[in-house]
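The structure appears right after this line, and notes come after that.
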Amino acid sequence: MTCPGLTWGDRLAALRLMAAIRRAPAADETVTQMFARTRQTDTNVRYLWAPLCIAALNTGLDDASARVFAQVLRDTLLGRAGASDVLLPRTDLGQLFPAPAAAWLTRQGGQVRAGERVRTISPHADGFALDVAGSPEVFAQVVVATSPHHVPSLIGALPGTERIAAEIASLGYEQVTTVFADFGEGARLPQAMMGFAEGVPHWIFDRGALGGPPGLMACVVSAADAARDDTERAVIDAVRRAFPALPEPRRVRTLTDRRATFRCTPGRALIAQPADSRLALAGDYLLPLYPATLESAVRSGIAAARRVAG
Ligand SMILES: Cc1cc2nc3c(=O)[nH]c(=O)nc-3n(C[C@H](O)[C@H](O)[C@H](O)COP(=O)(O)OP(=O)(O)OC[C@H]3O[C@@H](n4cnc5c(N)ncnc54)[C@H](O)[C@@H]3O)c2cc1C
């Protein structure tokens, strides 16, 4: 409401959307349809709603689920104080979450075996036989916490999981491309994280300001704009136009995750858990009201742990 550059019409339109979300669960429509229904202004969509939607759902407005976007707004802008804070890690995500979790598990007497791929899961008299590098190992209970596209081949041999495997196999995916550009040690951005209102990249992070190598910028391109042939060049040109003091980068490395997140469209149904309670699925794709985020992965993980513990 206090953001400079907005007209009263923009502010009222934003209130109209938030009031509609507070009043009733959003219809199962696209985000573009919800914006039309609540008469959002071009300014609001361009500078506020579109960046939020693409960041959270990694899906373009014309395809994205209004119901899921409404849930994101409910949890953040309508949530408790602090729920919409932007948190920027000063270390890599591995050090932030998985490494301390693995250390805790080891202290509790658990064993963490990284880098060992489970090939298949088969029924066994004492639970399940897991094929790890050709040698089967038997476990009483299993939580399958892989990304969704790995699940069907893992659980396909287990009786009663055919429908679940088919539902998971039908999920679509969106890409994320990150262009890492090294502009040299003296290069800095005015802020550690900045957004682009149009074109690519969508976001740029000054890794040097976040504990990484000075001068390294991570430029993120989401959803449909990712992984085009000219993405890398378009990103570097746009960044140098926006920050003319930056020189031509010394090194550029581009990474594309082709199945970065599931496509978050209307009508995504709840994927049921297997009937056998010794087996649980965990992952961001299991919560129909949430996009592919760390939040949904954690919520689903807790539910899976409760299921096998119970
Ligand atoms: C580039 C990118 C940027 C993102 N940015 C954000 C962000 O800013 N905020 C946010 O909240 N979310 C973000 N996400 C989404 C977030 O990473 C996911 O929603 C989250 O990691 C999902 O967690 P998960 O536990 O369900 O699955 P995953 O994190 O995918 O974990 C699955 C694990 O299973 C392992 N695995 C797969 N097959 C096997 C097998 N056969 N045997 C053993 N292990 C196996 C994989 O190696 C992997 O470690 C981003 C995703 C990408 C790709």
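The values are calculated or read from the model by the stated rules, or taken from the named source; none is laboratory data. Only a predicted model underlies this, so the values are computations on that prediction, with no experimental measurement involved. Methodologically, a virtual Cβ is constructed for each residue, glycine included, from the backbone with ideal geometry; neighbour enumeration extends over all protein chains shown.
Looking at the stretch 12-70, which of its residues are part of a loop (DSSP other than H, G, I, E, B) and touching a residue at least 40 places away in the same chain (Cβ under 8 Å)? Show your work before the answer.
Initially, the stretch 12-70 is screened for residues part of a loop (DSSP other than H, G, I, E, B), giving 24-29, 38-41, 58-64.
Correct list: Pro25, Ala26, Ala27, Asp28, Glu29, Asn58, Thr59, Gly60, Asp63, Ala64.
Listed here are the residues, each with its yes/no results for (1) at pLDDT 95 or above; (2) over 23 Å from Thr261 (Cβ atoms); (3) away from the ligand (no atom under 15 Å from the Cβ).
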| residue | (1), (2), (3) |
| --- | --- |
| Trp104 | yes, yes, yes |
| Gly115 | no, yes, no |
| Arg119 | no, yes, no |
| Phe128 | yes, yes, no |
| Ala133 | no, yes, no |
| Phe139 | yes, yes, no |
| His150 | yes, no, no |
| Ala157 | no, yes, no |
| Leu171 | yes, no, no |
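Need the failing condition index for Val235 against (1) in a strand (DSSP E or B); (2) within 16 Å of the ligand (Cβ to nearest atom); (3) of a type in the set (Val, Ile, Thr), just the number.
Result: Val235 fails condition (1) only.
Has the stretch 41-52 got any residue that is at pLDDT below 95 and in contact with a His (Cβ under 9 Å, 6 or more places away or on another chain)?
For the stretch 41-52, residues at pLDDT below 95 and in contact with a His (Cβ under 9 Å, 6 or more places away or on another chain): present.
Which is at pLDDT 95 or above and not β-branched (Val, Ile, Thr), of Pro89, Pro100? Spell out the reasoning first.
On the way: Pro89 fails: at pLDDT 95 or above.
Exactly one residue qualifies, and that residue is Pro100.
Which pairs have Cβ atoms under 6 Å, sit 6 or more apart or on different chains, and link a residue in the stretch 219-246 that is under 16 Å from Asp257 (Cα atoms) to one that is among the aromatic types (Phe, Trp, Tyr)?
Pairs that qualify, where the first residue is under 16 Å from Asp257 (Cα atoms) and the partner is among the aromatic types (Phe, Trp, Tyr), are Val220/Trp203.
Going by the conditions given, is Val143 surrounded by 13 or more Cβ atoms within 10 Å (Cβ to Cβ) and either closer than 20 Å to Ala166 by Cα or in contact with a Cys (Cβ under 8 Å, 6 or more places away or on another chain) (or both)?
Numbers: surrounded by 13 or more Cβ atoms within 10 Å (Cβ to Cβ): yes; either closer than 20 Å to Ala166 by Cα or in contact with a Cys (Cβ under 8 Å, 6 or more places away or on another chain) (or both): yes.
Yes, satisfied.
Which of the residues spanning the stretch 264-310 are surrounded by fewer than 20 Cβ atoms within 10 Å (Cβ to Cβ), within 13 Å of the ligand (Cβ to nearest atom) and of a type in the set (D, E, K, R)?
Once the filter is applied, which keeps residues that are surrounded by fewer than 20 Cβ atoms within 10 Å (Cβ to Cβ), within 13 Å of the ligand (Cβ to nearest atom) and of a type in the set (D, E, K, R), the stretch 264-310 yields Glu295, Arg299.
Which pairs do you get when a residue that is closer than 16 Å to Val176 by Cα and in a loop (DSSP other than H, G, I, E, B), found in the stretch 281-298, comes within reach of a residue that is modelled with pLDDT of 95 or more and near the ligand (Cβ under 6 Å from one of its atoms), reach meaning Cβ atoms under 6 angstrom, with the pair 6+ apart or on two chains?
As it stands, the answer is Ala292/Thr261; Ala292/Asp284, since those pairs meet every condition given.
When you check Arg258 against the structure, is it surrounded by fewer than 18 Cβ atoms within 10 Å (Cβ to Cβ), assigned to a strand (DSSP E or B) and within 10 Å of the ligand (Cβ to nearest atom), yes or no? Outline the logic, then answer.
Working: surrounded by fewer than 18 Cβ atoms within 10 Å (Cβ to Cβ): yes; assigned to a strand (DSSP E or B): yes; within 10 Å of the ligand (Cβ to nearest atom): yes.
It is true that Arg258 is surrounded by fewer than 18 Cβ atoms within 10 Å (Cβ to Cβ), assigned to a strand (DSSP E or B) and within 10 Å of the ligand (Cβ to nearest atom).
Yes or no: Val151 among the hydrophobic types (A, V, I, L, M, F, W, C), in a helix (DSSP H, G or I) and out of contact with any Asp or Glu (no Cβ under 6 Å at 6 or more places or on another chain)?
Values: among the hydrophobic types (A, V, I, L, M, F, W, C): yes; in a helix (DSSP H, G or I): yes; out of contact with any Asp or Glu (no Cβ under 6 Å at 6 or more places or on another chain): yes.
Criteria met by Val151.
For residues that are within 16 Å of the ligand (Cβ to nearest atom), without any contact (Cβ under 8 Å) to a residue 40 or more places away in the chain, surrounded by fewer than 20 Cβ atoms within 10 Å (Cβ to Cβ) and of a type in the set (A, V, I, L, M), tally how many sit in the stretch 195-218.
0
Of the conditions (1) assigned to a strand (DSSP E or B); (2) away from the ligand (no atom under 16 Å from the Cβ); (3) not assigned by TED's automatic domain parsing to the domain that holds Ala304, Pro123 satisfies every one except a single condition; which number is it?
(3)
In the stretch 76-110, which residues are without any contact (Cβ under 8 Å) to a residue 12 or more places away in the chain and of a type in the set (D, E, K, R)?
Arg80, Asp85, Asp92, Arg107
For the stretch 117-158, which positions are within 15 Å of Leu286 (Cα to Cα) and out of contact with any Gly (no Cβ under 9 Å at 6 or more places or on another chain)? Spell out how you get there, then give the answer.
Residues of the stretch 117-158 within 15 Å of Leu286 (Cα to Cα): 143-152.
The answer is His149, His150, Pro152.
Could you tell me which residue of the stretch 242-255 is nearest to the ligand (Cβ to nearest atom), considering only residues that are surrounded by 12 or more Cβ atoms within 10 Å (Cβ to Cβ) and among the hydrophobic types (A, V, I, L, M, F, W, C)?
Val252
Is the stretch 174-184 home to any residue that is part of a helix (DSSP H, G or I) and buried (at least 16 other Cβ atoms within 10 Å of the Cβ)? Before you say what the answer is, go through the steps one by one.
Filtering the stretch 174-184 for residues part of a helix (DSSP H, G or I) gives none.
Checked against the condition, which is being part of a helix (DSSP H, G or I) and buried (at least 16 other Cβ atoms within 10 Å of the Cβ), the stretch 174-184 yields no hits at all.
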